[in-house]
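A quick write-up on the structure given underneath.
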Amino acid sequence: MEKIKIDEGEVAQLEIVLKTTDDVRQFQRAQALLWLSEGDNATEIAERLRVDRRTIYNWIYRFEQRADADLTSRVADGLRSGRPATAKGIIDPLIDLVIDSDPRDFDYRSTVWTAPLLQTYLSDKHQIVVSCKSVRRALDRLEIDWKRPRYQLALRNPHWRQAKGGLNIAPGKTRGRSS
C-alpha cells in the first residue's frame, strides 16, 4: 500500500488545507497524503515527518474510512478518549469572587491567596476537587497577576558592610592594634 488514489479535486482541496490550516497535525496528514499520491514511500514520508511508519498507514486508513465526510474533516484529528476538562468553566467565577478578599475571612491561616490555598478553598467550600495547575490556569484566564509567597528570607550579601561604607572584617579576625 504505497500509492493511494486521490482524485484531482481532492488534491486541490488538500493543497488548500496546507495553505489555510493552523493545525500542525492536519498539515502533516495532508502533506503525507499528497506525497503518497505522488508515489513516495511511506517509510520515507514517516522519516521526513518524524513519525512512525505505522502512523502513516493509520492516516491512510482513516482517510479512506471517512470517504463520506468532507476533505477537511477527513484529515482532521479524530475524537480522542480521555477525561474531559471539568474545571475550566466552573472554577473561574468562584476564584474571581474570593481573590480580592482576605483568606482569614474564610478561616484560613494566611494573608494571601496561593494556588494550593485556592485549591483547598474550592475543595472545602464548594466540594470541587481540582489540581493546582487548574487553579493556575484559571488565574491566567482571569488575568490575575499574583506571586507565590516567598518562604525563604532574602540572604544578606556577604559584602554588605562594604556596600554600606563600613569595614569588612573576615571571620575570626579582630579589630584593634597589633602588638
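The values are calculated or read from the model by the stated rules, or taken from the named source; none is laboratory data. Nothing here was measured: the structure is a model prediction, and the numbers come from that model. Because the Cβ atoms are built from the backbone with ideal geometry, glycine has one as well, and the counts that use them run over all protein chains shown.
For the range 27-35, the criterion of being in contact (Cβ under 8 Å) with a residue 60 or more places away in the chain and buried (at least 17 other Cβ atoms within 10 Å of the Cβ) is satisfied by no residue at all. Scanning the range 68-94 for residues that are part of a loop (DSSP other than H, G, I, E, B) and at pLDDT 80 or above turns up 68, 69, 70, 75, 76, 77. Within the range 36-57, residues that are closer than 14 Å to residue 5 by Cα and of a type in the set (Val, Ile, Thr) have Cβ atoms under 7 Å from residues that are surrounded by 14 or more Cβ atoms within 10 Å (Cβ to Cβ) and modelled with pLDDT of 95 or more in no pair, counting only partners at least 6 apart in sequence or on another chain.
Within the range 116-128, work out how many residues are under 20 Å from the mean Cα position of the chain (by Cα) and closer than 14 Å to residue 87 by Cα. Result for the range 116-128: 1. Reported count of residues in the range 73-122, each being closer than 30 Å to residue 25 by Cβ and not aliphatic (A, V, I, L, M), is 13.
With the structure loaded, tell me whether residue 70 is under 30 Å from residue 137 (Cβ atoms) and over 22 Å from the mean Cα position of the chain (by Cα) or whether it fails that test. It is false that residue 70 is under 30 Å from residue 137 (Cβ atoms) and over 22 Å from the mean Cα position of the chain (by Cα).
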